[in-house]
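The values are calculated or read from the model by the stated rules, or taken from the named source; none is laboratory data. These numbers were taken from a predicted model, which means no experiment stands behind them. Ideal geometry is used to build each Cβ from the backbone, glycine not excepted, and the neighbour counts take in all protein chains shown.
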């Protein structure tokens, strides 16, 4: 990982008995003695002001623009209108320590490979255990996580070029996507997970299983978008732009509608809440419930995958029906789920069996 350059700072040289401004390999003498610290601070401020780059006019060459500037511009301009703003924030927070001080010409295959290796190293994270104690655990970033982060970097660079900040586009090397995991839960596994989950996690699981929506859509759901009389849920707010991470609306199955009526008696703003407050993430809650249930490889996305897989396995739904209900493209249904259908390749097989 590149070693970050320290900012300009004051340093007292005993051999010269004066304050010196140290900026990388550069040393600028101030002429002020130890007792003139305030005057030396003023000199440092003047030095920093003189070093401040002038506002750019027109596109910059890649070596004139830092990745940090590109990410900041992208977050400022696009963050407010994005449905997945939390994912954007997490990705930029992960990218910043490595990339922020590098100039855009450093974005190349070898640097992206170094970033992948750096993110794969175990890092210590402070968490709260189920007993309330603060513990330190080790975590590593998976390949799909790094791919998503570098995808944000690519989007930011594309936006910088489109907005006239960069003279030409820059390509980011993404890790291989790999094969999608075909992990889905059985009915008994879901029952175990629910029994071992906290109440707010249990509510999240049930909504996910009956609607097949992404975690962000379920966690952002507020009661004003739940119509119990009509039996409808609108996962996308009025006026909210639709994205590739589609949300849409759904007709509630009778089982979920019964749960919703019961939950509505003690309403908070959000349908899934903890002590009256919205829930930012259920990753830890799902992981702990899975550990208590003795289940492996269970994530919030596995619940969405399970919902669609169950619907397809029953064999009473078409690709178009599944795409409409789960607000997922028909291409995705065919590619990732349709092989679970008892009707998969049925017509082709019947054709091949004809005499």
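Here's the yes/no breakdown for (1) at pLDDT 90 or above; (2) more than 25 Å from the chain's Cα centre (by Cα):
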{"site": "314", "(1), (2)": "yes, yes"}
{"site": "317", "(1), (2)": "yes, yes"}
{"site": "323", "(1), (2)": "yes, no"}
{"site": "326", "(1), (2)": "yes, no"}
{"site": "331", "(1), (2)": "yes, no"}
{"site": "337", "(1), (2)": "yes, no"}
{"site": "346", "(1), (2)": "no, yes"}
{"site": "351", "(1), (2)": "no, yes"}
{"site": "354", "(1), (2)": "no, yes"}
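Determine whether segment 316-325 contains at least one residue that is in contact with a helix residue (DSSP H, G or I) (Cβ under 8 Å, 6 or more places away or on another chain) and in contact (Cβ under 8 Å) with a residue 60 or more places away in the chain. Yes, there is a match, as at least one residue in segment 316-325 is in contact with a helix residue (DSSP H, G or I) (Cβ under 8 Å, 6 or more places away or on another chain) and in contact (Cβ under 8 Å) with a residue 60 or more places away in the chain.
Results for (1) assigned to a helix (DSSP H, G or I); (2) surrounded by fewer than 15 Cβ atoms within 10 Å (Cβ to Cβ); (3) at positive phi, shown as yes or no for each residue.
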{"site": "281", "(1), (2), (3)": "no, yes, no"}
{"site": "288", "(1), (2), (3)": "yes, no, no"}
{"site": "292", "(1), (2), (3)": "yes, yes, no"}
{"site": "297", "(1), (2), (3)": "no, yes, yes"}
{"site": "312", "(1), (2), (3)": "yes, no, no"}
{"site": "316", "(1), (2), (3)": "no, yes, no"}
{"site": "321", "(1), (2), (3)": "yes, yes, no"}
{"site": "327", "(1), (2), (3)": "no, no, yes"}
{"site": "332", "(1), (2), (3)": "yes, no, no"}
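Can you confirm whether residue 272 is over 20 Å from residue 234 (Cα atoms) and touching a residue at least 40 places away in the same chain (Cβ under 8 Å)? Here the answer is no, as residue 272 does not meet what is asked.
So that you can scan it fast, the table gives a plain yes or no per residue for (1) closer than 26 Å to residue 282 by Cα; (2) surrounded by 15 or more Cβ atoms within 10 Å (Cβ to Cβ); (3) modelled with pLDDT of 95 or more; (4) over 18 Å from the mean Cα position of the chain (by Cα):
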residue: 141; (1), (2), (3), (4): yes, yes, no, no
residue: 163; (1), (2), (3), (4): no, no, no, yes
residue: 179; (1), (2), (3), (4): yes, no, no, yes
residue: 183; (1), (2), (3), (4): yes, no, no, yes
residue: 195; (1), (2), (3), (4): yes, no, yes, yes
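Number of residues in segment 264-279 that are crowded, with 19+ Cβ neighbours inside 10 Å and in a helix (DSSP H, G or I): the value is 0. Of all residues in segment 80-92 being over 10 Å from the mean Cα position of the chain (by Cα) and either closer than 17 Å to residue 114 by Cα or surrounded by 14 or more Cβ atoms within 10 Å (Cβ to Cβ) (or both), which is modelled with the highest pLDDT? It comes out as 82.
Residue by residue, here is whether (1) touching a helix residue (DSSP H, G or I) at 6+ places or on another chain (Cβ under 9 Å); (2) closer than 17 Å to residue 270 by Cβ; (3) not assigned by TED's automatic domain parsing to the domain that holds residue 313 holds:
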{"site": "156", "(1), (2), (3)": "yes, no, yes"}
{"site": "172", "(1), (2), (3)": "yes, no, yes"}
{"site": "177", "(1), (2), (3)": "yes, no, yes"}
{"site": "182", "(1), (2), (3)": "yes, no, yes"}
{"site": "197", "(1), (2), (3)": "yes, no, no"}
{"site": "202", "(1), (2), (3)": "yes, yes, no"}
{"site": "205", "(1), (2), (3)": "yes, yes, no"}
{"site": "216", "(1), (2), (3)": "yes, yes, no"}
{"site": "219", "(1), (2), (3)": "yes, yes, no"}
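Given the condition part of a helix (DSSP H, G or I) and within 22 Å of the chain's Cα centre (by Cα), answer yes or no: does some residue in segment 241-255 qualify? No, segment 241-255 contains no residue that is part of a helix (DSSP H, G or I) and within 22 Å of the chain's Cα centre (by Cα).
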